[in-house]
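Read the structure below first, then the notes.
Bear in mind these aren't lab numbers, they're just calculated from the coordinates by the rules spelled out. Every value quoted in this text rests on a predicted model; they were computed, and no experiment measured them. Here the Cβ positions follow ideal geometry from the backbone for every residue, glycine too, while neighbour counts run over all protein chains shown.
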Amino acid sequence: MTVKVVVNGYGTIGKRVADAVALQPDMEVVGVAKTRPNFEARMALEKGFPLYILAGRESDFKNAGMEINGTVEDMLEAGDVVVDCTPGHIGAGNKALYDSVGIKAMWQGGEDHELAGVSFNAHSNYDEAFGCDYARVVSCNTTGLSRVISTLDNAFGVGKVRATLCRRSADPGDVKKGPINAIIPELKMPSHHGPDVVTVLSNVDIDTVAIKVPTTLMHLHIVNMDLLQECTSDDVVDALDENSRIRLIGDGISSTAEIMELARDMNRPRSDMWENCVWEKSVNVSKDGLYLFQAIHQESDVIPENVDCIRAMMEVERDSAKSIAKTNKAMGF
Ligand code: NAD
């Protein structure tokens, strides 16, 4: 079975989802939807993705010399599943449309858990999304935390988790957001990130606090957790190393800037780093529990998760490990 996938919202996440889906042997992109005839719309056409638009904007695209296949409504008729990658809280407004067409729908972390009822991370709860009509692939931060917590929970059992999130202030291509010279503490405590992890891993006891820092490259998490079984720092490193979406960082890499340089050296598309990047030397088990630092590439860690979520919802692969391996191989992990 080849799953026909449509992507509504072709920005930072949508264009990456479309590229990753196009690489899969069991999926094809049958449409992407744009609101404006900008350079991303032009690139979609150059890549051969059928382009659809919001009704009423036909003349904008015509004037820009871009050929369109129809409206978002037409696009939905062509797909088995829609991946909604519109900006946060816009996607919720599309649910009635998706329901009227009878298409399965996935949203991103900018929407609330309640919209879909299932919040997804492949290593943590693949089975929950199996065969379901709606799912939400959780945010970049929640994805990064879920991967580490579920991996260590399987290996040793996890007790209390405390995480401090140093969040990038904007994506590199985003010229409208800041700060560019300030650090902004999130005054709501705990921050919303901890409860979001619980939408994926319902038994986890987690508190998070967050600050926004003037960088666009990556988020950085300072994680502390109690492990239920006795183990050493080396045992934790070995357990993390087993997860194909966690990369142990060493070789003199001391910053997020060098991780992005590594991604460029690896010829990763758009210099994406799909894996959590855990500094091996930061992994420390003591009487106060485990400490580690990890960097999260906000633009890309959720992309392989979107692919696995499609496979689960469309019931094309029952086994999470097989889906993860298929996705990784096709994307070139
Ligand atoms: P973005 O602004 O880069 O892209 C959104 C795209 O949707 C744009 O092309 C925009 O033109 C289009 N759009 C806007 N309104 C639309 C509408 N009504 N119908 C169709 N398309 C519309 O946003 P993004 O960063 O890709 O975020 C998308 C989702 O992914 C959000 O839920 C966000 O929270 C989540 N997310 C973002 C990141 C990140 O770092 N950027 C990481 C993880 C998850």
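Points to keep in mind about this one:
- Straight-distance crosslink candidates among lysines, where the alpha carbon sits under 17 Å from residue 34 and sequence neighbours closer than 8 are dropped: 15, 47, 62
- Compared with the direct C-alpha span, the chain from residue 242 to residue 78 gains 55.2 nm at full extension, assuming 0.36 nm per residue.
- C-alpha center-to-center spacing [the stretch 58-118, the stretch 200-226] in angstrom: 30
- Among the trypsin sites (Lys or Arg not before Pro) in the stretch 1-52, those located in a DSSP loop and surrounded by at most 15 other Cβ atoms within 10 Å of their own Cβ are 47.
- The label point for residue 154 and the one for residue 28, both projected 7 Å from the Cα toward the Cβ, are 3.3 nm apart.
- Long-range lysine pairs (8 or more apart or interchain), the stretch 140-296, Cα under 28 Å: 10
- Among 225, 44, 253 the positive-end extreme of the charge dipole of the chain (Cβ point charges): 44
- The Cα atoms of the stretch 132-228 give a gyration tensor whose axes a ≥ b ≥ c have a/c of 1.5 or more with a/b greater than b/c, which makes the shape prolate.
- Less than 5 angstrom separates the built amide H of residue 80 from those of 4, 5, 6, all sequence-distant by 5 or more or on a different chain.
- Whole-number percent relative contact order across the stretch 140-296, with pairs defined as alpha carbons under 8 Å at least 6 apart: 28
- Cα gyration tensor category, rounded, prolate or oblate, for the stretch 140-296 with a/c compared to 1.5: oblate
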